[in-house]
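The values are calculated or read from the model by the stated rules, or taken from the named source; none is laboratory data. Model, not experiment: these values are computed from the prediction. Note: ideal-geometry Cβ built from the backbone for every residue, glycine included; neighbour counts use all protein chains shown. For accessibility, only protein heavy atoms count, side chains too; no ligands or nucleic acids. Shrake-Rupley method; radii C 1.70, N 1.55, O 1.52, S 1.80 Å.
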Amino acid sequence: LTCSRGLENHPRLLARVLTFGKGFGASGAAIVTSSTPFREYLINYARPLVFSTAPSPSALTLISCAVELGGDNRRANLARAKLHVLSEYFTTVAPARLAHLPGCAGILGAVVSPVKAVVIPGEKACLAVAEAVRTQGFEVVAIRSPSVAKGTERVRVVVHAFNTRDEIDRLIESFEVGLKSQAGMLRAKL
């Protein structure tokens, strides 16, 4: 939020929390501050938190390499641009091909986010469609209650910069097959 508002260098900004999650292929976080009183406060009152959650040397090496590789270099910028294009492609194409199918309650995920979800209400239906997509070679995850509310179960998809439009088309096609198969099984039970 701070960066989106252009406030990351504001003189009254107390601290920044940098996370080293999915984007870095690592885990952990750091608090960065230029405020001496705040830094001293953390050193004196947050020592148990600092020392109980400190990253291992191998994690620090991984983060350091990720920062070095993912900075402002040309290759990383090209990968980010490609990821944005592929993410936008999925967000545009998937609803047009899937939203009208029985069993699909919609597609979630902001255009700029590589994390998407195909909403498939009902735990059994969601699991069945996820398995159908996985059998086509795609790594997807069924997200069910209690992680999400009943009736909003979904299959999570993550678009990567190394994916191609052809792979995304085949992924969407796998969802089409899974949803149609699931709808056929429901009709057969009636």
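Under a point spin-label approximation (7 Å from Cα along Cα-to-Cβ), what is the N9-V158 distance to one decimal in nm?
Distance between the two pseudo-spin positions: 3.2 nm.
What's the longest piece of the chain with no exposed GluC sites (Glu not before Pro), counting a site as exposed if DSSP puts it in a loop and it has at most 15 other beta carbons within 10 Å?
The segment 9-138 is the longest one with no such site.
Name the residue farthest towards the positive end of the dipole of region 55-101 from the options V85, L101, L60, assuming +1 on Cβ of Lys and Arg, -1 on Cβ of Asp and Glu, about the Cα centre.
L101
Have a look at V129, V32, V148 and tell me which one the Gaussian network model of the chain (Cα, springs below 10 Å) gives the largest fluctuation.
V32
Taking all protein chains in place and a 1.4 Å probe, what share, in percent, of the accessible surface of the chain do carbon and sulfur account for?
60 percent
If exposed trypsin sites (Lys or Arg not before Pro) are those in a DSSP loop with at most 10 other Cβ within 10 Å, what is the longest stretch of the chain that has none?
13-190
Name the residue, out of N44, N73, N163, whose mean-square fluctuation peaks in a Gaussian network model built on the chain with Cα pairs under 10 Å.
N44
Using 0.36 nm times the number of residues separating A54 and L101, minus their current alpha carbon distance, what extension gain do you get?
So the extension gain works out to 12.1 nm.
For V17 paired with T36, estimate the spin-label separation in nm (one decimal), with each label point 7 Å from Cα along the Cα-to-Cβ line.
2.7 nm
Using 1/(1 + (r/R0)^6) with R0 = 45 angstrom and r between the beta carbons of N44 and H84, what's the FRET efficiency to the nearest 0.05?
With a Förster radius of 45 Å, E is 0.55.
If you roll a 1.4 Å probe over the heavy atoms of the protein chains, what accessible area per residue do you get for region 63-172, in Å²?
Using a 1.4 Å probe on heavy atoms only, each residue of region 63-172 averages 56 Å².
Rounded to the nearest 500, what is the chain's calculated 222 nm mean residue ellipticity when only DSSP H runs of at least 4 contribute -39500 (n - 2.57) each, over all residues?
Working: 6 runs with 92 residues, N = 190.
Dividing the helical sum by the residues of the chain leaves -16000 deg cm²/dmol.
Assuming 0.36 nm per residue, please report the length gained on full extension of the stretch E123 to K150 beyond their Cα-Cα distance.
Extra length available between E123 and K150 comes to 8.9 nm.
Is there a quick way to get the dipole size of region 1-159? I mean about its Cα centre, with the Cβ of Lys and Arg at +1 and of Asp and Glu at -1; what is the value in debye to the nearest 20? Mind dumping the intermediate values first?
Working: 18 positive and 9 negative charges, 30 e Å.
I would put it at about 140 debye.
If you compute mean projected area of the Cα convex hull in nm² for the structure shown, which of [x] 11.2; [y] 14.4; [z] 13.9 do you land on?
Identified label for the calculated read-out: [y].
Could you give the semi-axes, largest first, of the ellipsoid that matches region 80-188, computed as the square roots of 5 times the alpha carbon gyration tensor eigenvalues and rounded to whole Å?
Values for region 80-188, descending: 22, 15, 12 Å.
So between E173 and C65, what do we pick up on full extension, going 0.36 nm a residue minus the alpha carbon distance?
35.2 nm
Hey, any idea what the orientation-averaged projected area of the convex hull of region 21-119's Cα atoms comes to, in nm²?
In nm², the orientation-averaged hull projection of region 21-119 is 9.7.
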